[in-house]
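Down below is the structure, laid out as structure tokens.
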Amino acid sequence: MKIVAPSMLSCDFGKLKDEIEMVNSSQAGWFHLDIMDGVFVPNITFGTPILEVFNSFGKKHLDMHLMIINPENYIEKFASLGANTITIHHEACDNLENTIKKIKKLNVKAGVAINPDTDISVLHHTIKEIDLVCLMSVFPGFSGQEFIPETFLRLKKLKQMIEENKSETLIQIDGGVSLNNAHELISLGADILVAGSFVFKSDNPELTIKKLHSAIN
Ligand code: DX5
Ligand code: ZN
């Protein structure tokens with residue numbers, strides 16, 4: 001089953017509980033939670049108090065995408081807030097291998113995200129150890145950006161690397177995902193599609209999630 005992961009950054013935080021309930025009852029598989037520190041990326045989003053709300057009311061997999069420097073210092077914290085997957089950025093972590101180990105020790109799935117201008121080959125050493133690669137299809141920092149078409153070629157290369165290594169690593173695509181590219185992304189080997197503005201700026205987010213889900217399954 002391929003997974004739709006709504007990025008909650010685009011939801012209406014004024015009615016957060018309703019938005020969480022909507023995702024609970026939708027065909028989405030995961031909640032994608034974008035945590036930004038204003039240092040690694042030029043934007044600040046949310047932290048502990050909001051994640052507690054997701055932990056209390058979210059009934060699906062909590063996928064925490066950390067766009068923060070020194071993520072290794074916060075792994076226990078995010079695990080205690082109910083993370084099922086913690087994704088750290090290759091570009092933001094000095095000690096990637098140890099941090100991956102730290103995440104997995106806490107029984108949380110470990111993901112590594114790479115920016116659109118980071119070479120796929122940097123994943124060579126770790127591909128067998130990680131549960132997920134988040135292939136950024138926009139530069140991290142903001143929702144509502146346009147999908148970068150080079151992602152298709154990068155996805156092909158990544159899929160090939162995973163197969164050559166006989167690894168089970170999942171591929172997540174994050175940024176600018178819509179019905180215009182969802183099908184092609186899945187046919188090239190993606191497993192999880194993150195969608196923020198395409199879902200939450202639509203007239204009927206639950207229906208949009210359903211359409212995305214049907215397009216990829
Ligand atoms: C970007 C975030 C994405 C973003 C996706 O830094 O990691 O998850 O919120 O939003 P859309 O789907 O609007 O590009
Ligand atoms: Zn994200």
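Computed from the coordinates by the stated procedures, all read-outs in this text should not be read as laboratory data. Only a predicted model underlies this, so the values are computations on that prediction, with no experimental measurement involved. Cβ coordinates were reconstructed from backbone atoms using ideal geometry, including for glycine residues, and neighbour counts include every protein chain displayed.
Out of every Cα-Cα pair in the stretch 153-217, what percent are more than 16 Å apart? Mind dumping the intermediate values first?
Details: 968 of 2080 pairs.
Pairs farther apart than 16 Å: 47 percent.
Taking the Cα atoms of the stretch 1-127, what is the range of coordinates along each of the three principal axes, in descending order and whole Å?
Computed over the Cα atoms, the extents are 41, 33, 28 Å.
Using alpha-carbon positions, what is the distance between the centroids of the stretch 166-208 and the stretch 92-110, in Å?
About 25 Å separates the Cα centre of the stretch 166-208 from the one of the stretch 92-110.
Quick one: net charge around Leu170, please, counting Lys, Arg +1 and Asp, Glu -1 for every other residue with C-beta under 9 Å from its C-beta. All intermediate terms of the calculation are to be shown ahead of the outcome.
Numbers: positive: Lys109; negative: Asp131, Glu168, Asp191.
Net of charged neighbours comes to -2.
Rounded to whole Hz and in sequence order, give me ³J(HN,Hα) for the stretch 201-217 from the Karplus expression 6.51 cos²θ - 1.76 cosθ + 1.60, θ = phi - 60°, writing x for Gly and Pro.
Result, ordered by residue: 8, 7, 5, 9, x, 5, 5, 5, 4, 4, 5, 4, 4, 5, 5, 10, 10 Hz.
Can you list the equivalent-ellipsoid semi-axes of the stretch 54-158, largest first and in whole Å, using the square root of 5 times each Cα gyration tensor eigenvalue?
Details: eigenvalues 104, 58, 30 Å².
Square roots of five times the eigenvalues give 23, 17, 12 Å.
If you split all Cα-Cα distances of the stretch 3-216 into 10 Å bins from zero, what percentages do you get per bin, shortest first?
9, 38, 39, 14, 0
In vacuum, with every alpha carbon of the stretch 66-127 counted as one equal point scatterer, what does the Debye formula give for log10 I(q)/I(0) at q = 0.18, 0.27 Å⁻¹? Two decimals, please.
Ignoring solvent entirely, the Cα scatterers give -0.58, -1.21.
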